[in-house]
1. Which of (1) closer than 20 Å to ARG192 by Cβ; (2) surrounded by 15 or more Cβ atoms within 10 Å (Cβ to Cβ) does TYR55 not meet, given it meets every other one?
2. Would you check which residues across the range 58-69 are open to solvent by less than 30 Å² (accessible area, probe 1.4 Å) and not polar (S, T, N, Q) and list them?
3. Please go through the range 176-192 and pick out each residue that is touching a helix residue (DSSP H, G or I) at 6+ places or on another chain (Cβ under 7 Å) and loosely packed, with under 13 Cβ neighbours inside 10 Å.
4. Among THR165, THR187, which is closer than 19 Å to THR132 by Cα and either under 20 Å from the mean Cα position of the chain (by Cα) or outside any helix (DSSP H, G or I) (or both)?
5. When the range 147-164 is examined, which residues are found to be open to solvent by less than 70 Å² (accessible area, probe 1.4 Å) and within 21 Å of LEU22 (Cα to Cα)?
6. Have a look at ARG115, ARG93 and point out the one that is basic (Lys, Arg), surrounded by 16 or more Cβ atoms within 10 Å (Cβ to Cβ) and assigned to a helix (DSSP H, G or I).
7. Looking only at helices (runs of 4 or more DSSP H) that fall completely inside the range 1-52, which ones have 3 or more residues that are modelled with pLDDT of 95 or more and open to solvent by less than 60 Å² (accessible area, probe 1.4 Å)?
8. Looking at (1) open to solvent by less than 40 Å² (accessible area, probe 1.4 Å); (2) part of a loop (DSSP other than H, G, I, E, B), which is the only condition VAL100 fails?
Amino acid sequence: LKSDDLLLYPEIGDFILNDLFLALATHHLGSVPRLASVMLWWSTANNATKASQLYHTDTEDGKQLKLFVNLTNVASGNGPFTFLPASISKTLRTLLKHNVGRLKDKDVNRYPCSRRTLVFTGNAGSGMAVDTSNCLHYGSRTRNGDRLILMIQYVPYNVQRESSTPPPVLDTKRYANDPVRSLIVKTANSQR
């Protein structure tokens, strides 16, 4: 997204700040969340397995919540977001002595618990929320066609490390009468 897209299309901001997403993030993080990033990820057919296509966890904080919304239909060949539940990820990370960085499939797949991966396929409009700090995950292994998703990242208000891609600017006047959304918008806009 370009920095002014949410000013030009404020309905996208309304979607990002909807009651369900804010309730999920607030519940998971235990406080008013901070909007860290909003991105469109378009993955085209490729044969690569590198960077975010390898198992990893995100490092902005000890916990965070990323919401993924399919903007195209996503099947197994379109590079779906794939992850392991937090409890399995914790076990694997301990076994592999993993703190940060990428893990190769051959290393993760040595352990039977790695077969419990969850794959996010679905029609356009379907979505899911995952704590990518605590769940080993990868995406974009797009072998056929393409995939377009909207990613919304919420982190704790006092996040340890800023996201490398700050959110687009939101219209502060639009949320002026809503104390929670106003706080989230002001904090997001201050990251620029």
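The values are calculated or read from the model by the stated rules, or taken from the named source; none is laboratory data. All figures in this text were calculated on a predicted structure; none of them were measured in a lab. For neighbour counting, all protein chains shown are included, and Cβ atoms are generated from backbone atoms with ideal geometry for every residue, glycine included. Each accessible area value is taken on the protein alone, full model and side chains, heavy atoms only, with ligands, DNA and RNA left out. Shrake-Rupley method; radii C 1.70, N 1.55, O 1.52, S 1.80 Å.
1. (1)
2. Quick first cut of the range 58-69, residues open to solvent by less than 30 Å² (accessible area, probe 1.4 Å) only: 58, 60-61, 64-69.
Once the filter is applied, which keeps residues that are open to solvent by less than 30 Å² (accessible area, probe 1.4 Å) and not polar (S, T, N, Q), the range 58-69 yields ASP58, GLU60, ASP61, LEU65, LYS66, LEU67, PHE68, VAL69.
3. ALA176
4. Being closer than 19 Å to THR132 by Cα and either under 20 Å from the mean Cα position of the chain (by Cα) or outside any helix (DSSP H, G or I) (or both) holds for just one of THR165, THR187, which is THR165.
5. The initial filter retains those residues of the range 147-164 that are open to solvent by less than 70 Å² (accessible area, probe 1.4 Å), namely 147-156, 159, 163.
Passing the criteria: ILE149, LEU150, MET151, ILE152, GLN153, TYR154, VAL155, PRO156, VAL159, SER163.
6. Residue meeting the stated conditions: ARG93.
7. Details: elements: 5-8, 10-16, 19-29.
Here the list reads 10-16, 19-29.
8. VAL100 satisfies every listed condition except (1).
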